[in-house]
Each structure stands twice: as C-alpha cells, then as structure tokens.
Amino acid sequence: MSLLSVRHLTTEFYSGGRWLEAVSDVSFDLRPGEILGLVGESGCGKSTIAYSVMRLLAKNARISGGEVWLGDVNLTAADDGRLQDLRGSRLSMIFQDPMTALDSLFTVGHQVIETLQEHLDLDAAAARARALELLRQVGIPAAEERLNAYPYQFSGGMSQRIALAIAISCQPQVLIADEPTTALDVTIQAQILHLIRRLMVEEGGTGVLLITHDLGVVAQVCDRVAVMYAGKIVEFGAVESIFSDPLHPYTQALLNSLPSQGIKRGALENIRGRVPSLDDRPTGCRFHPRCPHARDICRVEAPPLLRRAGGQEVACVLYD
Ligand code: SF4
C-alpha cells in the first residue's frame, strides 16, 4: 500500500528562453509509517520534487510529465480549490526556515487554531484545547502562556517545533520535510528528527518524505532512501543496505564524505567537480564527468534504474 505515489515525474524551469529539466522521470512510493529520505547535493532536484508534489512550484516552473497520487487523488490534475483543501489536512510540509510557515503578525496560538478551524469542524474552545495539546506534544514549555506569544519570541528550534505542530495539527497522511533541521544545531536537530519520527510515524502512521543533503540525518531516522543526482534517482533502497553496501559511485562518494568515515563534512572531497547546472547536463550518465569508473558507454547511454537481488535499485553500467 502506498500513501503517495510519484510516477515518472518530470519538472522543468523556464530560463534563458527555454525549458530546462530539473527533475527527470522520477518514480517512488511512500508507505504508511515510514520515513523516506531524498538525499543528494544542492541542485540535484530534491526540493523541486517536494514543491511539485505540493503543487507549489514557482511561476517559471511546470510539471511536464508524469503524475503524483495522494491515495486516490491525482495531485497533478487537481484544481486550486482541491489542492487548498488537501494542503494542511491530508498533505503537509515543513521547511528549513520555520518562519516560512509562521506569520510574524499573529500569535502562535492564533496560527495553530486558525489551521485547525480551517480544516476541522472545531468550535473555538475545542480548537484552543487542541492547539494547547499540540504545543505540549512538540515540547513547548509553559504551553498555555506561549499560546499568546509571537514567533519572534521563540528560538529557531522552538519555532521549528511550532511549525511542526501546525503541520501535524490535522494528522496528515503525508508530511514533506524539506531540510527541516539544517539551520539548527546538532542537539536540537536530533530532538526535532526524533519528534517527527515519534509523533508522525510511530504514533500516527503517517508517511514522511524527508529531504536532506546529509546522509547522517538519513542514518538517524530514515527507513529507506533515494539518492538523487542531477535530477534523477541513481540509487534506492533500505537505509541499512545502502549504508552497508552502497552500489552507485555517487552514493559511495557521499558516504565517504561523512565525518564518521574520517573525511571532513561538506564538500565531496574524494571526487572532483560539482553537480552540473540545468543548462549543462552531460549526455549519457549525468555523473560521468565526476565518476572514477566512467567508460565510453557512460558518455552516451543513460543507465536505467534497475532492481538487483535483495531489492536495492541502482542506475549504473557497473551492475548491468
Ligand atoms: Fe560511473 Fe558509468 Fe556508473 Fe555513471 S554509469 S556512475 S559514469 S560507471
């Protein structure tokens, strides 16, 4: 069973007088009660997938191929009214900057209550009680008092907890978390990730699509992971399999860049180059200019994502 089904999704941006592919033919399913990580460097198309699913793309972007299904609803064909209804109720999102979700002009209580009353049939007293319960669930101390506080009165970590309270207020089936902890220090990051896991997955049976550039975050909370490179999924599988036996040279490079592997976090120091821009995508395997194993065929043919024994999928001629 799948909560969210992304089928052959292709998303383009209009730039320099032409349409350029940011996401190319991406497919995956999100199951109930799992956290699926989408990982890769900046510019690999992870956030574009999130905004395509939410149908919140910028004006110069379009979904040019494929479909996204939320249960039995085709999100790619839904009109604005239907999407408005689904966002915040069955489908929710949290962002890297919690201020994206919070309005500095209103108290946090007002904002949580407003979301509840927009999607659920609750009177003022019931909505207030539920808002209070939500703030307590996400770990806001003195929650009753803090209902009347404004977003600027909270730290980054506390603001992200409030954004999470709003995102989960209507018990969505799917939560998309786009780099939700990147701006936070390591301790707060771990707290927020475990809060998402406990409240959404273990207690709620929600499916979470977690977008991150950090494999350390994937290791902490994800069940499965899709590794993206230059708009395509290059490897997909259970977190344990991918960490113990990474197949794609790009996945291997990402893992070698983790501090636990003895290499400084951040840049992929063990491979040259960078992710190609949208108007400079290489032919064949898009990773070939950076790949230490590239062969002639890699410059011409794009390897498909193929399932191997054990369920892991990889797009690389080394495993044909
Ligand atoms: Fe490297 Fe070729 Fe595999 Fe691409 S297909 S990752 S270039 S070996």
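The values are calculated or read from the model by the stated rules, or taken from the named source; none is laboratory data. All of these numbers come straight from a predicted model, not from anything done at the bench. Here the Cβ is made from the backbone with ideal geometry for all residues, glycine too, and neighbour counts use every protein chain on show.
So the values come out like this:
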item: Qualifying positions in region 279-320 - crowded, with 19+ Cβ neighbours inside 10 Å and away from the ligand (no atom under 13 Å from the Cβ); result: 312, 313
item: Single residue of 208, 218, 225 found to be on the phi < 0 side of the Ramachandran plot, in a helix (DSSP H, G or I), crowded, with 19+ Cβ neighbours inside 10 Å and in contact (Cβ under 8 Å) with a residue 24 or more places away in the chain; result: 218
item: Filter result for residue 149 (in a helix (DSSP H, G or I) and either modelled with pLDDT of 90 or more or over 30 Å from residue 38 (Cα atoms) (or both)); result: no
item: Any chance residue 166 is closer than 18 Å to residue 104 by Cβ, touching a Ser or Thr at 6+ places or on another chain (Cβ under 7 Å) and either part of a helix (DSSP H, G or I) or not acidic (Asp, Glu) (or both); result: yes
item: Qualifying residue in region 234-248 (condition: surrounded by 16 or more Cβ atoms within 10 Å (Cβ to Cβ), within 11 Å of the ligand (Cβ to nearest atom), more than 22 Å from the chain's Cα centre (by Cα) and modelled with pLDDT of 90 or more); result: yes
item: Some residue of region 101-111 being closer than 25 Å to residue 218 by Cβ and surrounded by 15 or more Cβ atoms within 10 Å (Cβ to Cβ); result: yes
item: Residue 132 vs. criteria surrounded by 13 or more Cβ atoms within 10 Å (Cβ to Cβ), free of Cβ contacts under 8 Å to residues at least 24 places away in the same chain, part of a helix (DSSP H, G or I) and of a type in the set (A, V, I, L, M, F, W, C); result: yes
